[in-house]
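Asker: Before anything else, here's the structure in question.
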Amino acid sequence: MDICLKCGGKPPLISQICHKCVRETVVISRLPDVLRMIDCKSCFSLKIPGTWLEFDDVESAVGHFFESSIIWHDNLSKNKCNLSMKQLDPSKFRVNAKTEANYGGIDLKSDLEGVIEIKYQVCQTCSRHAGGYYEAILQIRTKQKSVLDVAVEKVFKDIDSAPAEFFSTENSPVKGGFDFQLSSSERARSLARELMIQFGGHVNETNTLVGRKDGRDLLRHTFGVRLPSFLVGDYLLIQDKVYKVTRLDRRKA
């Protein structure tokens with residue numbers, strides 16, 4: 001008959017260990033010896049390998065870092081973690097966690113406590129924003145203010161819903177339209193194309209050499225979007241006849 005390898009107890013067994021010994025010996029979670037994170041002092045983004053993760057506040061960044069730092073035992077399921085934290089000073093948090101998981105059909109618990117040290121830096125996005133960085137200019141032109149207002153509102157909504165690295169350094173009305181200075185040429189090109197598809201009209205793209213980096217030309221792109229003076233659903237009076245606009249075709253990508 002199978003017996004527990006630790007105490008000689010009888011089945012049921014999990015990996016040849018009885019339930020009593022499993023509860024006494026299996027540690028479901030632990031923390032690394034050092035908990036040190038890098039956070040943006042301007043936007044609270046957390047630095048991870050290769051990028052930055054956006055957070056609304058430093059507490060959220062600390063919580064994510066702590067949870068992602070937990071080292072879980074193998075072969076667990078239904079892992080859960082409940083956190084509480086206390087700020088010790090501007091760059092240090094004490095975090096307590098109650099962790100739960102299922103190991104071979106047995107529900108186990110473990111308490112964790114760690115002190116997280118925070119090193120503050122400025123992320124690339126905030127650095128660029130503060131420095132007035134932009135890669136492209138999006139120029140919207142139309143003779144009709146109502147069309148312009150709808151197009152500008154769409155651009156603002158797209159910027160607001162985009163990741164933090166896509167932003168407008170400066171935006172302002174100009175004679176006959178509206179200009180945006182945007183942080184990404186690719187996103188600006190995509191926006192120009194979306195405007196053309198939605199409203200009709202055409203897009204003209206030009207670029208200017210602004211420098212060189214690592215042996216490559218640095219170009220600043222300008223996307224001129226010229227929109228028609230009416231929208232789908234508008235009525236037009238042409239030679240004493242009334243026509244309803246049902247479709248707008250793009251003219252040039």
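The values are calculated or read from the model by the stated rules, or taken from the named source; none is laboratory data. Just so we're clear, the structure is a prediction, and the values are computed from it rather than from any experiment. A quick note on method: Cβ atoms are made from the backbone with ideal geometry, for glycine too, and the neighbour counts reach across all protein chains shown.
Asker: I106 - would you say it is over 25 Å from F166 (Cβ atoms) and aliphatic (A, V, I, L, M)? First the steps, then the outcome.
Answerer: On the way: over 25 Å from F166 (Cβ atoms): yes; aliphatic (A, V, I, L, M): yes.
Against the criterion (over 25 Å from F166 (Cβ atoms) and aliphatic (A, V, I, L, M)), I106 qualifies.
Asker: Please identify the pairs in which a residue from the stretch 201-228 that is at pLDDT 85 or above has its Cβ atom under 7 Å from the Cβ atom of a residue that is surrounded by fewer than 10 Cβ atoms within 10 Å (Cβ to Cβ) and not acidic (D, E), counting only partners at least 6 apart or on another chain.
Answerer: Note: pairs meeting the criteria are L219/L209.
Asker: Just one of (1) in a strand (DSSP E or B); (2) closer than 30 Å to S229 by Cβ; (3) in contact (Cβ under 8 Å) with a residue 40 or more places away in the chain trips up K143, so point out which.
Answerer: Of everything listed in (1) in a strand (DSSP E or B); (2) closer than 30 Å to S229 by Cβ; (3) in contact (Cβ under 8 Å) with a residue 40 or more places away in the chain, K143 misses just condition (1).
Asker: Take E117 and tell me if it is closer than 24 Å to G50 by Cβ, in a strand (DSSP E or B) and of a type in the set (D, E, K, R).
Answerer: On the way: closer than 24 Å to G50 by Cβ: yes; in a strand (DSSP E or B): yes; of a type in the set (D, E, K, R): yes.
In short, yes.
Asker: Tell me which residues, restricted to the stretch 146-173, are among the aliphatic types (A, V, I, L, M) and part of a helix (DSSP H, G or I). Give the steps one after another, and end with the answer.
Answerer: Applying the first criterion (among the aliphatic types (A, V, I, L, M)) to the stretch 146-173 yields 147-148, 150-152, 155, 159, 162, 164.
Correct list: V147, L148, V150, A151, V152, V155, I159.
Asker: I would also like to ask the following. Considering the stretch 152-211 alone, what residues qualify as being of a type in the set (K, R) and touching a strand residue (DSSP E or B) at 6+ places or on another chain (Cβ under 7 Å)? Quick ask: steps written out before the conclusion?
Answerer: Filtering the stretch 152-211 down to residues of a type in the set (K, R) leaves 154, 157, 175, 187, 189, 193.
Those that are of a type in the set (K, R) and touching a strand residue (DSSP E or B) at 6+ places or on another chain (Cβ under 7 Å): R189, R193.
Asker: Just give me the residues in the stretch 150-169 being free of Cβ contacts under 8 Å to residues at least 40 places away in the same chain and within 18 Å of E135 (Cβ to Cβ), in sequence order. Quick ask: steps written out before the conclusion?
Answerer: From the stretch 150-169, those free of Cβ contacts under 8 Å to residues at least 40 places away in the same chain are 152-153, 156-162, 166, 168; that's our starting set.
Of everything in the stretch 150-169, those that are free of Cβ contacts under 8 Å to residues at least 40 places away in the same chain and within 18 Å of E135 (Cβ to Cβ) turn out to be D158, I159, A162, F166, S168.
Quick grid of which residues meet (1) among the hydrophobic types (A, V, I, L, M, F, W, C); (2) within 30 Å of S42 (Cα to Cα); (3) under 29 Å from the mean Cα position of the chain (by Cα):
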site	(1), (2), (3)
K145	no, no, no
D149	no, no, yes
A162	yes, yes, yes
S168	no, yes, yes
L195	yes, no, yes
G201	no, no, no
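Asker: Now a separate question. State whether one or more residues within the stretch 85-103 are surrounded by 13 or more Cβ atoms within 10 Å (Cβ to Cβ), part of a helix (DSSP H, G or I) and either on the phi < 0 side of the Ramachandran plot or of a type outside the set (S, T, N, Q) (or both).
Answerer: No, because not a single residue in the stretch 85-103 is surrounded by 13 or more Cβ atoms within 10 Å (Cβ to Cβ), part of a helix (DSSP H, G or I) and either on the phi < 0 side of the Ramachandran plot or of a type outside the set (S, T, N, Q) (or both).
Asker: Can you pull out every residue in the stretch 17-56 that is in contact with a Lys or Arg (Cβ under 9 Å, 6 or more places away or on another chain) and assigned to a loop (DSSP other than H, G, I, E, B)?
Answerer: Of everything in the stretch 17-56, just one residue is in contact with a Lys or Arg (Cβ under 9 Å, 6 or more places away or on another chain) and assigned to a loop (DSSP other than H, G, I, E, B), namely I28.
Asker: Okay, next question. I'm trying to understand the selection: among the residues of the stretch 134-164, which are touching a helix residue (DSSP H, G or I) at 6+ places or on another chain (Cβ under 9 Å) and either among the aliphatic types (A, V, I, L, M) or exposed (fewer than 15 other Cβ atoms within 10 Å of the Cβ) (or both)?
Answerer: Result: A136, I137, L138, I140, V147, V150, A151, V155, I159, A162, P163, A164.
Asker: State which residue pairs qualify: first residue in the same structural domain as K41 (by TED's automatic domain parsing) and inside the stretch 109-121, second residue among the small types (G, A, S) in any location, beta carbons under 7 Å apart, and separation of 6 or more residues or different chains.
Answerer: Once the first residue is in the same structural domain as K41 (by TED's automatic domain parsing) and sits in the stretch 109-121, its partners that are among the small types (G, A, S) give S110/S29; L112/S29; L112/A97; E117/S91; I118/S91; Y120/S91.
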